[in-house]
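Remarks on the structure that follows.
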Amino acid sequence: MLGLGLIGGSLLRAAVAGGRVAWGYNRSSDTVEAARADGFDADSDLIATLKRAEADKALIVIAVPVPAVDAVLSAIAEHAPGCPLTDVVSVKAEIAAAVSRHGLAPQYVGGHPMAGTSESGWTAGDADLFRGAVWVVATDDGADPTVWSQVAQLALDCGSEVVPAESAEHDRAAARISHLPHILAETLAITGDAGGPLALGLAAGSFRDGTRVAGSAPALVRAMCEGNRDGLLIAMDEALDLLTRARRDLAENGSTATLVEAGYAARSAYETQQTSDITGITPGDDGWIDAMREAGRHGGRVRNL
Ligand code: NAP
């Protein structure tokens, strides 16, 4: 595990709880000491950690923010080029491109656990963070079926369900359900605060829920949103268009009906969305990548391998 913050630290805990032999690297020694004090195998020496992984052909998980990924990949290419490789970064196409630049594409299958909190760091970690969550496993052209299965098995062992998706398709979807919500939460927080102590003093559930993710570390939010610029711009354009129409409707007709009724229906669709087991597709068989993607697009989830 490279990076022992909220996600890497939770994953180290979950992997060990699931019976795996797992160890981690973290840049700052405070975190390494905290992880060791909690009984985990952690080191601040990246090269030693990678050499150990190379000797065991261990599955490496990159769990640092986007701006730190390139340096980590350089070190992997130098010290652990034979290891299967995945990551938990919230954007996938940009990471896949960086992996290719470092010559590591053949052994890489990206991942994105759709779980988290607005807290950061080792102390915020939780072995059960991924239980019941969805974990996207990138299903890109040329994906190695053995590595794909290793990554999917890690997700399953952490209690997640696997959604197979192509990286660019994941990014467009994540822009809508994760990155745009961050942008809107920041916007809501700012407009609420602009109302001064009276407005903030009246704030209750809707303000608290709508702004929750604005409490996330700004550097992480920026890395996610800026790393998925194309997908996020499309989603922001759609949201701005909806707001512009809603504003016009309210100003000219005194009504918010169009927005509110469509929003209510969309929220109901989310709550009643059906999922299904993906069965009968074996990684490595002819056409498995297309079949997995198609199943993922329609609510399919791998619950067993
Ligand atoms: P976090 O709690 O802030 O931890 C970040 C980790 O990355 C720390 O171990 C930090 O080390 C390390 N790091 C930061 N900059 C680094 C650098 N330049 N070189 C080496 N290590 C560096 O963040 P997180 O929430 O775990 O996020 C980690 C990844 O998970 C991100 O890519 C994020 O997109 C992804 N993710 C996050 C969520 C979420 O809800 N938070 C959900 C899914 C995926 P130090 O201790 O030395 O600072």
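Residues of region 82-108 that are of a type in the set (S, T, Y) and modelled with pLDDT of 95 or more: T86, S100, Y108.
Condition check ((1) touching a strand residue (DSSP E or B) at 6+ places or on another chain (Cβ under 9 Å); (2) assigned by TED's automatic domain parsing to the domain that holds L184; (3) within 18 Å of A173 (Cα to Cα)) across all residues:
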site	(1), (2), (3)
G231	no, yes, yes
E238	no, yes, yes
G254	no, yes, no
A265	no, yes, no
I289	yes, no, no
A295	yes, no, yes
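Does L180 fit the bill of being crowded, with 19+ Cβ neighbours inside 10 Å, over 25 Å from V99 (Cβ atoms) and not β-branched (V, I, T)? The answer is yes for L180.
Kindly provide the set of residues from region 119-129 that are at pLDDT 95 or above and either within 12 Å of the ligand (Cβ to nearest atom) or under 20 Å from L180 (Cβ atoms) (or both), ordered by number.
Answer for region 119-129, where residues must be at pLDDT 95 or above and either within 12 Å of the ligand (Cβ to nearest atom) or under 20 Å from L180 (Cβ atoms) (or both): G121, W122, T123, A124, G125, D126, L129.
Beta carbons closer than 6 Å, at least 6 apart along the sequence or on distinct chains, pair a first residue in region 215-239 that is more than 21 Å from A97 (Cα to Cα) with a second that is outside any helix (DSSP H, G or I) for G215/S118; S216/S118; A217/S120.
Okay, residues lined up against (1) of a type in the set (A, V, I, L, M); (2) in contact with a His (Cβ under 6 Å, 6 or more places away or on another chain):
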| site | (1), (2) |
| --- | --- |
| H179 | no, no |
| H182 | no, no |
| E186 | no, no |
| I190 | yes, no |
| D193 | no, no |
| L198 | yes, no |
| L202 | yes, no |
| N228 | no, yes |
| D237 | no, no |
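Within region 142-160, being closer than 29 Å to R229 by Cβ and of a type in the set (D, E, K, R) holds for one residue alone: D144. Looking across region 96-141, the residues that are crowded, with 23+ Cβ neighbours inside 10 Å, free of Cβ contacts under 8 Å to residues at least 40 places away in the same chain and under 23 Å from E226 (Cβ atoms) come down to V99, Y108.
For region 189-198, give me each residue that is surrounded by fewer than 17 Cβ atoms within 10 Å (Cβ to Cβ) and hydrophobic (A, V, I, L, M, F, W, C). Selection gives I190, A194, L198. Residue check: V163 meets all listed conditions (1) closer than 26 Å to N26 by Cβ; (2) within 15 Å of the ligand (Cβ to nearest atom); (3) not in a helix (DSSP H, G or I) but one, namely (1). Within region 280-305, can you find the residues that are under 24 Å from the mean Cα position of the chain (by Cα) and without any contact (Cβ under 8 Å) to a residue 40 or more places away in the chain? Correct list: D290, A291, E294, H298, G299. Selection within region 148-164: residues that are farther than 26 Å from D38 by Cα and touching a strand residue (DSSP E or B) at 6+ places or on another chain (Cβ under 7 Å). The member of this set that is surrounded by the fewest Cβ atoms within 10 Å (Cβ to Cβ) is E161. Residues of region 72-95 that are touching a residue at least 60 places away in the same chain (Cβ under 8 Å) and among the charged types (D, E, K, R): K92, E94.
The values are calculated or read from the model by the stated rules, or taken from the named source; none is laboratory data. Just so we're clear, the structure is a prediction, and the values are computed from it rather than from any experiment. Positions of Cβ are backbone-derived with ideal geometry, glycine not excepted, and every protein chain shown enters the neighbour counts.
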